[in-house]
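Every number in this text was worked out from the coordinates using simple rules, so none of it is lab data. Bear in mind the structure is a predicted one, so any value in this text is a computation, not a measurement. Heads up, the Cβs are rebuilt from the backbone with ideal geometry, glycines too, and the neighbour counts pull from every protein chain shown.
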Amino acid sequence: MPIEVNGVSIATDEEGYLEDLSAWNEDVAKVLADTEGLDMSNDHWEIVNFLREYYEEYQIAPAVRVLTKAVGKKLGKEKGTSKYLYELFPYGPAKQACKIAGLPKPTGCV
Amino acid sequence: MADFETPELKEYSVIPALERDTMKGTQPFIAKPDHQASLGFPGELVDNWKDVALDKMGDLLSRYRSFQVYLDSCVKCGACTDKCHYFLGTSDPKNMPVARQDLLRSVYRRYFTFAGKWFPKLVGARDMDKEVLDEWYSYFHQCSQCRRCSVFCPYGIDTAEISMAAREIMDAVGVGQKYCNEIIGKVFKVGNNLGLPEKALKDTLLDLEEEILDDTGVPVKLPLDVKGADILLVTPSADFFAEPHIDGLIGYAKVFHEAGVSWTLSSHASEAGNFGMFIGSYENMQNIAVRIREAALDLGVKRLVHGECGHAWRVAYSFWNTLAGPFDFLDQNYPIPQHICEFTWDLIQQDKLKFDKSENDHMTLTFHDSCNVARATRMGDKPGGQFDIPRNVIKAVCNNYVDMEESTIKEATFCCGGGGGLLTDDLMEVRVKGALPRMEALNDVVEEHGVTNMAAICAICKSQFTKVLPYYKMPMDMIVSVHQLVSEAIILTGADDGSDEQETSSESED
């Protein structure tokens with residue numbers, strides 16, 4: 001199902017992940033967040049931006065543990081918990097945050 | 001959440017009144033042509049699909065004697081009808097094991113038996129048509145191949161094997177399941193189900209080493225691709241990624257460290273899981289299994305140890321020898337393969353590990369037997385070792401342990417609801433409803449005995465429970481890895497005195 005961003009149609013797969021990762025920009029992220037019922041706050045952007053940086057280097061989203069540790073280091077210890085991440089992304093930081101960041105869905109037994 | 005109702009938890013399990021077709025049409029996403037291609041399956045439904053399907057069924061009948069015996073021997077006694085967690089959770093009579101088998105058996109009778117060829121109506125034989133195929137796709141993806149029904153079948157008919165055959169036939173005609181087939185493709189391309197490239201794996205392991213050092217002051221290593229190491233650990237890639245899996249991985253590393261053995265992980269075999277079994281494809285299962293043999297030979301290890309993964313342990317324990325054997329190049333003085341629970345229990349018996357059990361005193365544990373471990377394998381050298389050894393390990397590191405109701409554990413264990421290739425978001429309704437019997441048994445010990453946490457030794461179970469527990473109003477982090485408990489309690493030689501150990505993220509219920 002495609003999503004509509006600023007008058008442009010962008011393809012997503014049946015689960016709402018971008019078909020073409022390079023089609024991502026901040027407006028796309030906002031629309032994707034909207035379909036998830038999320039309002040993008042600064043806190044959300046911090047996570048989404050970190051995921052994109054990590055993906056660029058490693059071609060995969062970070063393990064939840066790596067993410068919480070990095071967030072804790074960068075944004076303060078109280079934010080370096082999976083509880084904090086789940087508050088931001090209730091369907092799970094790995095899957096929901098990846099979707100909004102325009103990254104592929106992590107697969108396997110996760 | 002989703003557009004279905006979570007079943008109500010009752011005080012005791014009730015056999016539901018039948019609700020015909022309530023799960024009709026519920027099905028996972030169909031694999032795309034490129035997911036199919038790397039597994040050697042046609043990209044989409046082939047034109048002569050009916051002929052291809054029947055040829056494939058004939059092929060499977062000639063290859064697996066068991067398959068034909070299962071199709072021929074059912075006497076419709078009904079012993080299996082109320083044994084399936086998906087039936088108990090959905091009330092759909094087609095989720096009764098015998099009805100699920102009959103979806104395929106009816107076609108088998110039509111084309112492969114004398115009576116069915118000549119008097120189809122008399123023997124419940126059906127033509128293979130698109131409607132039947134669609135029904136297969138739906139209901140053979142509402143079976144987690146857990147084999148609980150086969151325990152209660154007087155003939156030992158194994159619905160899992162029939163469901164695997166149905167999936168293999170569907171793959172052969174071009175109708176594969178996206179979740180499984182995309183994942184198998186990733187194993188061939190990247191080396192694991194997750195699609196975790198070597199560089200990310202390496203840095204994740206370094207990160208974990210740093211974490212253990214910070215927590216304990218001990219330089220516990222998680223080595224990768226070390227040639228000449230004694231032990232190769234193969235584990236599900238979820239152990240490198242998800243919670244609480246990763247805490248289990250830390251536990252294995254601490255045990256190896258204290259044992260003083262040399263060990264390594266492999267980037268080539270960075271996956272113990274084998275989804276080839278779920279889709280019933282011998283060839284794909286073999287291609288995945290062989291990667292572990294190749295890694296073992298390449299690294300020159302003497303032993304193979306398995307991390308906490310249910311179906312991987314089944315493939316290794318029951319099928320490895322014919323799939324990827326002989327393993328005559330390994331040290332024959334140790335079990336081949338060996339489970340991490342066996343490894344740890346052996347050390348505990350030799351008094352080589354020291355624990356501070358009070359580290360786990362904030363929890364009261366119960367143990368979920370994972371179906372593939374419970375009903376398809378063994379641990380140790382005594383019958384029932386697969387039940388006793390994980391429990392022995394837990395009791396050696398925790399003071400508070402309670403079993404769930406007897407008819408829901410050990411060989412009668414209920415599936416988590418997400419096994420057999422169903423652990424995907426597009427099957428959330430099936431997963432949540434299928435978890436009902438386990439949730440009822442868990443809720444029972446929570447209320448009766450103050451159980452706060454449930455431990456498991458399967459990556460699928462752990463991820464499934466993390467997801468479905470909240471549907472049943474229980475905290476997602478109730479589920480823990482067995483070696484996470486070991487990790488909390490183990491006393492590392494040279495550790496910081498009264499180290500600022502991390503709390504496990506469990507939430508007390510009482």
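For the protein assembly as shown, A:C98, A:C109, B:C74, B:C77, B:C84, B:C143, B:C153, B:C180, B:C309, B:C341, B:C398 stand unpaired, since no other cysteine beta carbon lies under 4.7 Å from theirs.
Spread over its residues, the convex hull of the C-alpha atoms of chain B is 139 Å³ per residue. With R₀ set to 51 Å, the beta-carbon distance separating B:K473 from B:D72 gives a calculated FRET efficiency near 0.65.
Suppose R0 equals 51 Å. What FRET efficiency, 1/(1 + (r/R0)^6) with r the Cβ-Cβ distance, do B:H268 and A:D34 give to the nearest 0.05? The value I calculate is 0.75. Starting from the Cα of B:L9, move 7 Å in the Cα-to-Cβ direction to define the label point; list residues of the range B:426-452 whose amide nitrogen is under 12 Å from there. In the range B:426-452, the label zone of B:L9 (backbone N under 12 Å from the point 7 Å along Cα→Cβ) covers B:436-452. Listed by chain and number, the lysines whose alpha-carbon sits under 18 Å from that of B:K50, ignoring those within fewer than 8 places in the same chain, are B:K117, B:K130. Could you run the Debye sum over the Cα atoms of the range A:33-82, one equal point scatterer each and no solvent, and tell me log10 of I(q)/I(0) at q = 0.23 Å⁻¹, two decimals? Results for the range A:33-82 at q = 0.23 Å⁻¹ read -0.90. Using a ≥ b ≥ c from the Cα gyration tensor of the range A:12-110 (square roots of the eigenvalues), is it rounded, prolate or oblate, where a/c under 1.5 gives rounded and otherwise the larger of a/b and b/c decides, a/b for prolate? Since a/c reaches 1.5 and a/b is larger than b/c, the shape of the range A:12-110 is classed as prolate. In terms of other Cβ atoms within 10 Å, B:E182, A:E4, B:E135 run from fewest to most in the order A:E4, B:E135, B:E182.
Projecting the Cα atoms of B:M363, B:S138, B:P42 onto the charge dipole of chain B, computed from C-beta unit charges around the Cα centre, puts B:P42 farthest toward the positive end.
Where both bridge residues fall in the protein assembly as shown, DSSP classifies roughly 25% of the beta bridges as antiparallel. Using the Cα gyration tensor of the range B:326-374, with a ≥ b ≥ c the square roots of its eigenvalues, what is the shape: rounded (a/c below 1.5), prolate (a/b larger than b/c) or oblate (neither)? Judged from the Cα gyration tensor, the range B:326-374 comes out oblate (a/c at least 1.5, b/c at or above a/b). Normalising the Debye intensity of the range B:185-489 to I(0), with uniform scatterers on Cα atoms only, and taking log10 at q = 0.08, 0.09 Å⁻¹ returns -0.32, -0.40.
Less than 5 angstrom separates the built amide H of B:L224 from those of B:L265, all sequence-distant by 5 or more or on a different chain.
Model label points for B:D51 and B:E406, set 7 angstrom from Cα along the Cα-to-Cβ axis, are 5.8 nm apart. Under a model in which nothing but the beta-carbon of Lys, Arg (+1) and Asp, Glu (-1) is charged, chain B shows a dipole of about 2700 debye around its Cα centre.
Counted without the sites themselves, the longest stretch of chain B free of trypsin sites (Lys or Arg not before Pro) in a DSSP loop having at most 11 other beta carbon atoms within 10 Å is B:228-472. Panel note: the C-alpha atoms of the protein assembly as shown, placed on their principal axes, show extents of 80, 67, 53 Å (largest first).
In the structure displayed, which of B:K32/B:K254; B:K24/B:K462; A:K83/B:K24 lie more than 32 Å apart, Cα to Cα? Going by Cα-Cα distance, B:K32/B:K254; A:K83/B:K24 fall outside the 32 Å limit. Distance between the pseudo-spin-label points of B:N399 and A:D27 (7 Å out from Cα toward the beta carbon): 6.2 nm. Among B:V226, B:V430, a tally of other beta-carbon atoms within 10 Å of each Cβ gives an order, fewest to most, of B:V226, B:V430. Counting 0.36 nm for each residue step from B:E44 to B:T322 and taking away their Cα separation leaves a gain of 96.9 nm. Reported to the nearest whole Å, the Cα centre-to-centre distance from the range A:19-49 to the range B:375-421 is 42.
Of A:K95/B:K202; A:K77/B:K199; B:K354/B:K410; A:K99/B:K467, which pairs sit farther than 19 Å apart, going by alpha carbon to alpha carbon?
Numbers: A:K95/B:K202 22 Å; A:K77/B:K199 27 Å; B:K354/B:K410 28 Å; A:K99/B:K467 17 Å.
Beyond 19 Å between Cα atoms: A:K95/B:K202; A:K77/B:K199; B:K354/B:K410.
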